[in-house]
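Working notes, structure below.
All of the numbers you see were taken from the coordinates with simple rules; none came from a lab. This one's a predicted model, so the numbers in the text were calculated from it and none came from an experiment. Cβ coordinates were reconstructed from backbone atoms using ideal geometry, including for glycine residues, and neighbour counts include every protein chain displayed.
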Amino acid sequence: MSGSESSSLPALIAQLASTNPDERAEAAELLCRAGTAAVAATLPLVEACGDDDSRVREWAVAALEELGPPPAEIIDHLTEIAAGPEPLSAYWAATLLGRAGRDAAAAVPALATCVASAEDMAVRERAAWALGKIGPAALSAREALQQAVAQGKDARLARLATEALAAIGG
C-alpha cells in the first residue's frame, strides 16, 4: 500500500460496516490486497468473518491469513470474540491470539474455556494451538488441555493439546 492508498485504510474499515454486501465485499478484498499494511483493520476483519455474505467472509479470511501478530491494544477484544458464538470469528480471534504469543497471556482463561467447551471443534483445536503458542504463560490452562487429551473424542484436538502441554511445560 502506498502512502496515498494507506490514507484510505480508515475508509475501507468504515466500508466493512456498510449495509451493502457488495461494498463490504469490496472493502474486504481491498484490505486483503493491502497485505500486512491492513494490520489496523485486524479487528474489523475478524468481525467480518461473521458476515452474512460469503464473499465478505472469504475475503476477510484471506486478509487475516496475510497478517502477523495483532496489535497489542486489541488483545482484549480478540479474547471476547474467541469466547463468542460465531465460529469463524472465534477461530480467527484464537488464531491471532496464538500469533501474539506471550503478549496474549491475558487470554489464557478464555482460550482454556474454548478448549473445554466451544461448540465448534475447529475453535477448540485452534484455542489449544494458541495456548501452545502462548507457552509457559498458559500454565493455568493445563487442566483443560489434559482433559482434551484424556477425552480423546477428537484426535486432532488431542494432538494439539499434547503439543500445547509440551510447549507450556511445568
Cα gyration tensor shape of segment 21-122, rounded if a/c is under 1.5, else prolate or oblate by comparing a/b with b/c: oblate
Rounded, prolate or oblate: which one fits segment 1-68, using the alpha carbon gyration tensor with axes a ≥ b ≥ c (rounded when a/c is under 1.5, else prolate when a/b beats b/c, else oblate)? oblate
What residue among Asn20, Leu97, Ala60 has its Cα farthest toward the positive end of the dipole of the chain, where the charges are +1 on Lys, Arg and -1 on Asp, Glu, each on the Cβ? Leu97
Inter-centroid distance (Cα atoms) of segment 50-84 relative to segment 143-170, Å: 25
Hey, what angle do you get for helix 87-100 against the long axis of the chain, alpha-carbon based, 0 to 90 degrees rounded to 10? 80
Low-density loop positions, trypsin sites (Lys or Arg not before Pro), segment 94-159 - DSSP coil, at most 11 other Cβ in 10 Å: Lys153
Label-zone membership for segment 91-121, site Gln151, 7 angstrom Cα→C-beta point, backbone N under 15 Å: 111-121
Specify the angular offset, from 0 to 90 degrees and rounded to the nearest 10, of the alpha carbon long axis of helix 155-168 from the longest principal axis of the alpha carbons in the chain. 80
Put a dot 7 Å past each Cα toward the Cβ at Glu143 and Asp52; how far apart are the dots in nm? 4.2
Relative to the chain, whose Cα atoms define the longest principal axis, helix 54-66 and its Cα axis are tilted in degrees, nearest 10, by 70
For a footprinting-style exposure proxy, rank Glu47, Glu143 by other Cβ within 10 Å, fewest first. Glu143, Glu47
Compute the distance in nm between two label points, each set 7 Å from the Cα along the Cα-to-Cβ direction, one at Glu119 and one at Arg102. 3.7
